[in-house]
Each structure stands twice: as C-alpha cells, then as structure tokens.
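Nothing in this text is a laboratory measurement; each read-out follows from the coordinates by a stated rule. Not measured: the values here are computed from a predicted model. Because the Cβ atoms are built from the backbone with ideal geometry, glycine has one as well, and the counts that use them run over all protein chains shown.
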Amino acid sequence: MRITFSIGSLEMGGAERVLSLLSQAFMERGHAVSVVTLYGDQKDFFDLPTDIQRVTLGVTGSIQSMWRLSRLRRAILSTRPDVVISFICRMNIMTLMAMSGAGTPVIVSERTDPGAYQVSQIWKRLRGWTYPYADRIVVQSTRALEYFLPELNRNACIIPNPVIAPPVEDVQERSLLRKPMILSIGRFIQEKRFDLLIHAFSKLREKYPKWALTIFGDGPLRKDYELLQRKMGLEECLYLPGNVKHPYEMLKQADLFVLSSSVEGFPNALCEAMACGLPVISSDCPSGPREIIRNNVDGVLVPPNDVDTLSEAMDRLMSDEQERKSLASRAPEIIQRFGIEEVVNQWEALLALAVKGGRV
C-alpha cells in the first residue's frame with residue numbers, strides 16, 4: 001500500500017513523534033511511505049529513514065498556508081498515494097480541501113482533545129465544514145471521540161498512540177541527572193502548565209532540599225519559566241536544559257515523572273516514562289491520562305490546574321520510596337497495553353477499510 005502522511009512540520013511535538021514512529025513501522029511492514037510537510041527540513045526535530053519519501057512545500061509563514069492548497073494537492077498527488085493520513089486540526093482541514101475531488105481516501109487524525117484545545121472560530125467552522133468529507137476520523141481517547149457530532153462519530157474511531165519499549169542498554173553507569181530527580185518533558189506552551197509544576201515543586205523545596213526538578217523542552221514560554229526560576233530562587237534545583245531527542249536514557253535515571261498539563265491528547269512523554277518503569281503523577285485533564293494511568297496502581301491522577309493537590313501528590317511520593325517502587329513495578333505494563341505492534345495493526349486494518357470504501 002502507498003501511504004502518504006501530511007503534517008505541518010517535523011518539529012518537536014507529540015504528533016510529530018507519533019508520525020515518525022508510524023511511518024517507520026509502516027515502511028518496515030513493506031508499505032511505500034511518503035511524508036508531505038508545509039515547512040522544510042530546517043524545522044525538523046525528528047528524523048525519517050532514508051527510504052521514506054519526503055516532500056516539502058517550503059512555506060515560510062502561517063498566513064501563506066491556506067493559500068497554497070493547489071501546491072499541497074500537487075505535492076500529495078506526486079506521491080501516488082492509495083490513502084492519505086493527515087495529522088493535526090489545521091493540516092487536516094487544508095488536506096481535505098486540497099484533496100477534494102481527487103478520489104483518494106483521506107484519514108484525518110486529531111492529536112489532542114478537540115473539545116478543550118482552543119482554535120479560532122474560523123478554523124472551528126472550517127473543521128465543521130470539511131470533516132464530514134473525511135473517510136475516517138482518528139482520535140486517541142473516548143473524550144475526544146465524544147466531541148464529534150453523531151454523524152461524524154459513526155465514522156470515527158479511537159487508536160491510541162504507540163508505546164515503544166526503551167532501549168535495553170544500561171545507562172546507569174553514566175550519571176546524566178542529579179539525584180533524586182523529578183522529570184517532566186514537553187513544549188513550553190500554556191497548555192502544558194509547567195508554571196503550575198514549578199510552583200508545586202517550590203512549595204516542597206524546604207522539606208526536600210536534596211530533590212531537583214528538570215523540565216526538558218523549549219518553546220515560546222521559555223523566558224517566562226526562566227523568570228519564574230529566578231523569582232522563586234530555584235536556580236540551584238530547577239533545570240531547563242532544552243529539547244531532548246531520545247528521552248529514555250534520562251527517564252531511566254529519574255526518580256519521579258510529573259505531567260501537569262491542562263489539555264492533552266494521549267501524552268507520549270507520560271507513556272515513555274511509564275515504559276521506563278518510573279512512578280508518575282499526572283493531571284487528570286479531560287482527555288488522555290485517565291485512559292493511560294490506572295490510578296494508584298501504576299500512577300497517580302490529580303485534578304488539573306490545582307497547584308495544592310499536585311504538590312500534595314508530589315509530597316506523598318517523594319516521602320515514600322516504597323510507594324514509588326510499587327507504582328514503578330506496574331508502570332511498564334503500558335508496553336503491552338499500547339505496544340507499537342498492536343497500534344500499527346489497528347492502523348493497517350483501518351487503512352484497508354478506507355481503501356476499500358468500507359465503514360468503521
């Protein structure tokens with residue numbers, strides 16, 4: 001099967017990581033895979049195997065994107081796809097518009113909670129106009145599925161993000177992190193609520209002077225977090241080292257992982273932390289974490305946007321090594337629950353149906 005993905009770029013992000021994993025998995029199963037992006041490789045954070053065809057439109061600004069639909073259509077058709085998979089709301093809309101009348105099935109995939117993630121009214125209207133023409137709509141959680149109207153719901157399905165097992169090599173001899181260490185990973189944007197995590201950690205600083213917090217990532221709020229770091233006097237125990245392409249070796253050496261987001265789809269970083277056998281705390285935001293964490297079995301859920309409850313949960317695990325070990329012992333079961341082989345099987349079954357014109 002000839003499979004073409006469309007996405008804005010391959011910069012750092014959960015959707016981009018999943019696309020890179022799926023494209024490689026499809027290629028390894030014998031499919032011809034192409035990836036079409038609006039932006040060129042100067043924005044790339046994730047690499048693609050050389051056997052995957054890459055087509056870029058060279059867009060340099062967001063305003064241009066909607067006016068390049070004919071170029072997007074030509075780029076996608078140049079890959080001669082049997083099926084097109086588009087990632088992320090705006091790219092989904094543009095792909096559906098660009099491929100109108102082409103006769104190629106198009107699957108659109110929402111990568112976050114569409115009911116909680118705010119888009120402008122024009123994009124919301126465009127989603128309502130274009131999504132009925134999608135051959136399939138893929139979401140990651142029950143909450144996201146419930147967002148769509150019944151007529152769209154009938155042609156939508158849930159496929160979770162894939163979780164891959166961490167590398168087997170032992171990195172414990174190389175000390176990469178100060179210990180004991182709390183870790184978090186994500187883009188520095190408002191939805192990730194790293195400000196909440198920093199405040200929660202600050203409340204515990206005097207009680208746990210040996211603990212530190214590292215947040216890997218980057219984004220538009222970096223200066224805000226650096227200012228908060230200085231304002232709260234956390235320069236010696238809060239680290240903001242930037243992006244990390246291969247997080248597993250860091251996760252293996254951490255003592256606790258915390259996800260503080262107010263909005264999620266199916267958070268990769270949380271899954272990767274659990275795959276590494278880390279005890280985890282996550283905000284119980286509307287979509288994602290509740291379908292990943294079995295509360296108080298392999299992780300702890302707390303109400304979103306609540307600094308006191310988050311701080312209390314962190315206090316509870318930081319003070320109790322035995323509970324951390326208990327949660328950590330069950331966390332790697334996520335690899336069996338959402339392993340990449342099973343997830344790719346679900347995608348292949350969906351693609352086969354779409355190509356044949358069947359329904360979910």
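In order along segment 75-88, phi translates into HN-Hα couplings of 5, 5, 5, 5, 8, 6, x, 7, 7, 10, 10, 10, 10, 5 Hz, rounded to whole numbers, per the Karplus curve 6.51 cos²θ - 1.76 cosθ + 1.60 with θ = phi - 60° and x for Gly and Pro. Which residues does the label zone of Leu69 cover in segment 21-58, counting backbone N under 17 Å from a point 7 Å along Cα→Cβ? So the set is 38. Only DSSP H runs of four or more residues enter the estimate; each adds -39500 (n - 2.57), and after division by the residues of the chain the mean residue ellipticity at 222 nm equals -10500 deg cm²/dmol. Pairs over the 23 Å Cα-Cα cut-off, from the set Lys210/Lys245; Lys207/Lys325; Lys192/Lys231; Lys210/Lys231; Lys223/Lys252; Lys124/Lys223: Lys210/Lys245; Lys223/Lys252; Lys124/Lys223. Here the contact order of the chain, divided by its residue count and restricted to Cα pairs under 8 Å and six or more residues apart, works out to 15 percent. Tell me, how many Å apart are the Cα centres for segment 251-265 and for segment 206-223? Centre-to-centre (Cα) distance: 12 Å.
Distances between placed amide hydrogens fall under 5 Å for Gly339 paired with Val163, all partners being 5 or more residues away or on another chain. Length, then width, then depth: along the principal axes, the Cα atoms of segment 181-337 run 42, 31, 29 Å. Helix 121-130 and the longest principal axis of the C-alpha atoms of the chain enclose an angle of approximately 50°. The phi-based Karplus calculation (6.51 cos²θ - 1.76 cosθ + 1.60; θ = phi - 60°) puts the 3J(HN,Hα) values of segment 329-341 at 5, 9, 4, x, 4, 4, 5, 6, 6, 10, x, 5, 4 Hz, whole numbers, x for Gly and Pro.
Both radii are taken from the alpha-carbon atoms of the chain; with Rh as the Kirkwood radius, Rg/Rh is 0.98. For Val244, the residues whose amide H sits under 5 Å from its own are Gly217, ignoring neighbours fewer than 5 places away on the same chain, with H placed 1.01 Å from N.
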